[in-house]
Amino acid sequence: MKRILVTGANKGIGLATVENLLQNHPDTFLILGSRDEKRGDEALGLLTSKEPSWSEPTTMLKIDVSSDDSVTMAAEKVASMFESEAKPMYGIINNAGIGSSSIGMEPTLQVNTWGIYRVCEAFIPLLEVSGRIVNVTSASGPNFVEAADDMTRNMLTDPVVQWDAVEEYMNRCISESKDTAPTTSGLGNAYGLSKACANALTLILARENPGLTINACTPGFIETDMTRPFAESQGKTATEMGMNTPEQGSAASVFLIMGEVPGSGMYFGSDCLRSPLDRYRSPGDPPYEGD
């Protein structure tokens with residue numbers, strides 16, 4: 001049985017990812033991570049209303065990825081749930097994320113980048129030796145890198161980039177940022193920055209944990225609570241904006257956690273093909289073949 005934690009799984013792409021795995025991979029046990037316990041329980045109820053048998057291979061875990069204490073307590077709870085096994089987990093899908101905040105960059109970075117770091121620090125000791133991690137990032141990451149200055153671009157795509165350098169850059173961006181106004185779409189510079197840094201963190205985690213398979217992916221342009229206001233601001237429906245469903249958005253994560261993946265420390269498009277860290281690759285284009 002492959003036990004997999006999916007963070008931010010009480011709705012949207014996270015919940016669709018849990019359902020995708022339950023439907024197509026009966027050898028999995030899903031740990032549905034939710035910042036809000038009530039909403040997590042409601043999400044489990046929604047799943048079991050569709051298929052009562054899914055109550056067996058699922059459990060809800062309260063976890064706020066922006067909180068050190070919450071993540072530590074969540075890891076301790078999982079360890080106690082399976083205390084007879086030293087390494088009871090197979091995988092982690094770091095799906096929890098937020099858009100840009102009206103109060104500055106830090107909240108977005110705390111969830112989208114530091115949140116991944118916290119979860120990995122706490123849960124990697126629980127992963128089996130050949131386990132997997134998927135970091136759900138965004139095409140906003142490569143777009144951010146492409147528009148950045150040469151020094152930033154080189155740092156965020158360096159195969160041997162160090163976490164200290166990424167953290168220093170994020171902290172500098174926070175301290176220097178004076179743009180605290182909310183963006184129309186909720187997907188401003190802080191969002192792209194957070195996803196670019198999460199992709200860099202993926203390189204670091206893969207290098208530091210060579211026995212694990214650790215990759216990042218974009219789910220695509222998906223209709224969620226985060227993107228729906230953007231469509232509304234344009235006076236269009238999600239379909240008219242070309243947004244896909246959360247179910248479609250779960251494809252890359254499920255592939256990377258369960259499929260035949262070509263390596264570790266890579267970034268993949270929503271079509272499950274490798275993509276570059278420093279520019280956008282459209283779904284359907286040839287896969288990236290760089291180093």
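Derivation of every value follows stated rules applied to the coordinates shown; laboratory data play no part. Because the structure is predicted, anything quoted here is derived from the model rather than measured. Every residue, glycine as well, gets a Cβ built from its backbone with ideal geometry; the counts of neighbours run over all protein chains shown.
Of note:
- Cα-projected label distance for residue 69 with residue 279, points at 7 Å along beta-carbon direction, nm: 4.8
- For region 1-45, the relative contact order comes to 47 percent (Cα pairs under 8 Å, sequence separation of at least 6).
- Dimensionless Rg/Rh of the chain - Kirkwood Rh, Rg from C-alpha atoms: 0.94
- Ordering of 267-280, 143-156 by burial proxy (mean other Cβ atoms within 10 Å per residue, highest first): 267-280, 143-156
- Three-way shape label, region 62-106, alpha-carbon gyration tensor, a/c 1.5: prolate
- Choice from 218, 202, 28 with maximal GNM fluctuation in the chain (Cα, 10 Å cutoff): 28
- When both bridge partners sit in the chain, DSSP labels roughly 10% of those beta bridges antiparallel.
- In plain terms, the chain from residue 48 to residue 87 could stretch by 11.3 nm, reckoned as 0.36 nm per residue minus the Cα-Cα distance.
- Interchain or long-range residues, amide H under 5 Å from residue 93's placed H: 5, 6, 7, 134
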